[in-house]
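All of the numbers you see were taken from the coordinates with simple rules; none came from a lab. These numbers come from a predicted model, not from an experiment. Cβ placement follows ideal geometry from the backbone for every residue including glycine, while neighbour counts extend to all protein chains displayed.
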Amino acid sequence: MPTMVFSMLAALAPEPGNRVLEIGTGTGWNAALLCHRLGSRNVVTVEVDGDNAADARLRLARARFHPTPVVGDGAAGHPGGAPYDRVIATCSVGRVPHAWVSQSRPGGVIVAPWGPEYGGEAVVRLTVAEDGTASGPFVRSCAFMRLRQQRSARPSSLEYLSGPWPADGETTATSLSPESIADWSAMFAVGVQVPGVFPLVERYDDGSYTLWLHDTAVTSWATVDGEPDRTAYEVVQSGPRRLWDEVEAAFHWWDSQGRPGFDRFGLTVTPAGQTVWLDAPAQPVPIPA
C-alpha cells in the first residue's frame, strides 16, 4: 500500500548520512527506497524467511541497490550494524523489542506498527533517550502482519467449551451493543486494558451475530449476541476471567475520555517493559489488576 509505505517513511524522516535498520525485507521495495535516499551502505534489512530474503536480494540487485541483507529474527535487530539512527518495522508488534532501542543512538527514531492482542493497531513513532528508553506518539492507524516471533495461537471456540451449550457459562445481559466495540480505535483502547484476549465473530444469515471473546491462556471465554434493533444483549461468561465485564469496563473508560483517536495515545518502552499512555507519558492507560 504505497500511501502507508510513504507515510511511515515520512514519520521516520531519514536524513542524509543516517544508518537505518529495517525489520522485514519483504519484497525489498521499502529497502530500495531507503537505499535510494541514503545509499546502500547505510541500510541494513532483516528478513526471517530465507526464500523471501533471496528473492528480495535479486530484485534489489537488478535495481542496483545493495543494502546489507540479514536472514534472522527481526526481534533481535542486527547488533553487528549498530548503532542506528533510524529503525523501521514493516510488520506489527505487540511488544517493541528492546534490542531496537539498545541498538539505536540517543535521539534516534523507531517507527513500527503496534497493536494489542484484541485488535486495533497504529504506527508509533518513538524517540530514543540517553537512558535507554524510548517514547513517542501514535501517528496513524494501520493493519500489518504480526512479527512472526510474536504471533500467538488462537484456538477455536470449541476448545473453550466444557460441554453442550452453554457449557458452564453464566448468563447475564448488557445494554452495550457489541457493535460499539467494532471501532478500530475502540478495539485498541480495549485491547490495551484487557491483555491476552482476542475476539472472533460468528455471523448468521438473518443479520445477527455472536461476538466470542477468548483468552490466550485458554481458561476463560464469553459471548455476546448481537441482534438488530435490540437494547439488551445476552451475555454468557465462563472461567476465572469475566471477559465481557473486562471489555465493557475498558470501553466505558475509553468513552469517558471522549473516545480518543490514535493521535492522543503514545507508548514508552523501557528495558523492563512498555506502557501505553493517553495525552502524556505521565498518564498511563489503566490496566486493571
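Computed extension gain for Ala232 through Ser40, at 0.36 nm per residue and net of the alpha carbon distance, reaches 63.2 nm.
The calculated P(r) of region 45-121, using every Cα pair and 5 Å bins from 0, goes 3, 14, 22, 21, 19, 13, 6, 1, 0 in percent. For the chain, averaging the sequence separation of C-alpha pairs within contact (under 8 Å, six or more residues apart) and dividing by the residue count gives a relative contact order of 14 percent.
Packing order of peptides 203-212, 91-100, highest average first: 91-100, 203-212 (average count of other Cβ atoms within 10 Å over each peptide's residues).
Sparse packing (at most 13 other Cβ atoms within 10 Å of the Cβ) combined with a DSSP loop state is found for the following trypsin sites (Lys or Arg not before Pro) in region 114-188: Arg151. Full extension of the chain between Ser175 and Arg105 gives 20.2 nm of extra length, using 0.36 nm per residue less the Cα-Cα distance. Between Ser220 and Asp215, the built amide H atoms are under 5 Å apart, and every one of these is 5 or more places off in sequence or on another chain. Using only side-chain charges placed at the Cβ, +1 for Lys and Arg and -1 for Asp and Glu, the dipole size of the chain relative to its Cα centre rounds to 1740 debye. Here's the picture: charge each Lys and Arg Cβ at +1 and each Asp and Glu Cβ at -1 in region 46-125, and of Pro97, Ile110, Ala75 the one pushed furthest to the positive end of that dipole is Ile110.
Across every pair of different alpha-carbon atoms, what Kirkwood hydrodynamic radius in Å does the chain reach? One over the average 1/r among Cα pairs gives 20.5 Å for the chain. With a Förster radius of 45 Å applied to the C-beta separation of Ala280 and Trp165, the computed FRET efficiency comes to 0.45. Taking the fewest neighbouring Cβ atoms within 10 Å as the starting point, the ordered list for Phe6, Phe138 is Phe6, Phe138. The C-alpha radius of gyration of region 191-244, expressed as a fraction of 2.2 N^0.38 Å, stands at 1.20. Once the C-beta distance of Asp245 and Thr127 is scaled by a Förster radius of 30 Å, the resulting FRET efficiency is 0.20 to the nearest 0.05. A convex hull fitted to the Cα coordinates of region 157-256 yields 99 cubic angstrom per residue. Working note: 222 nm ellipticity from helices only, DSSP H runs with n ≥ 4, each -39,500 (n - 2.57), summed and divided by the residues of the chain, gives -6500 deg cm²/dmol to the nearest 500. Projected over all directions and averaged, the alpha-carbon convex hull of region 149-201 occupies 5.2 nm².
Using the Cβ-Cβ distance between Leu58 and Ser7 with R0 set to 35 Å, the FRET efficiency from 1/(1 + (r/R0)^6) comes to roughly 0.80.
P(r) tail for region 1-83, what percent of Cα pairs lie past 17 Å? Above the 17 Å cut-off, region 1-83 has 43 percent of its Cα pairs.
Packing-based ranking of 11-24, 261-274 yields 11-24, 261-274, ordered from highest to lowest mean Cβ neighbour count within 10 Å. Which residue fluctuates the most in the chain, going by a Gaussian network model with Cα springs under 10 Å, if the choices are Val218, Val247, Val48? Its mean-square fluctuation being the largest, the pick is Val218.
Within the chain, no helix built from a complete DSSP H run reaches 24 Å or longer along its own axis (Cα positions) while carrying a mean Kyte-Doolittle hydropathy of 0.5 or higher.
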